[in-house]
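The values are calculated or read from the model by the stated rules, or taken from the named source; none is laboratory data. Note that the structure is predicted; figures quoted are calculated from it, not measured. Heads up, the Cβs are rebuilt from the backbone with ideal geometry, glycines too, and the neighbour counts pull from every protein chain shown.
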Amino acid sequence: MPAAANDAAAVASSEAQSSTTPELTDTPRPTCSRVHSNSNQTTLKSFIARPASVARPKRFTDMLLKMIIVDFQPFSVVEDVGFREFVSGLDPSFAIPTRHMLSHELLPTKYNQAMDSVKNILAKTSAVHC
């Protein structure tokens, strides 16, 4: 058979097969014209290891100090392995302050803020009723 006849027979054969299985030919195939190496698609890594904003660590540190004060926890709780794993599980980017920083810097600052607040309230008070 000549080559043109073979081509015609192959086309006719493929048309016959496609008519018997229309579900395969009716479904459009996804195509990828080119691969983007610099795509804007969000990756899983961006959800897991995100850098914390400036306000977030400040809020966490204030909450930690409040927990230590309210629950009468020792400052050394920040050095406990279980506590460090717990905080890391909640937010791996949060740097836990040292017990020295808590006791020598953050607590005195919080104390002075509380004292100033009480002094302002007392300064505005005209009389105290007993």
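Inclusion of residue 116 among residues that are loosely packed, with under 12 Cβ neighbours inside 10 Å, modelled with pLDDT of 95 or more, farther than 23 Å from residue 53 by Cβ and over 34 Å from the mean Cα position of the chain (by Cα) is warranted. Determine whether residue 92 is modelled with pLDDT under 95 and out of contact with any Phe, Trp or Tyr (no Cβ under 8 Å at 6 or more places or on another chain). Yes.
Is it the case, given these coordinates, that residue 17 is of a type outside the set (Ser, Thr, Tyr), modelled with pLDDT of 95 or more and surrounded by 10 or more Cβ atoms within 10 Å (Cβ to Cβ)? Answer is no for this residue.
Within the stretch 75-116, the set of residues being of a type outside the set (Gly, Ala, Ser), in a loop (DSSP other than H, G, I, E, B) and in contact (Cβ under 8 Å) with a residue 12 or more places away in the chain comprises 91, 92, 94, 96, 97, 98.
Can you report the number of residues in the stretch 24-66 which are aliphatic (A, V, I, L, M), exposed (fewer than 12 other Cβ atoms within 10 Å of the Cβ) and either under 16 Å from the mean Cα position of the chain (by Cα) or at pLDDT 95 or above (or both)? The total comes to 6. Condition check for residue 82 on (1) at pLDDT 95 or above; (2) of a type outside the set (Phe, Trp, Tyr); (3) surrounded by 10 or more Cβ atoms within 10 Å (Cβ to Cβ): one failure, at (3).
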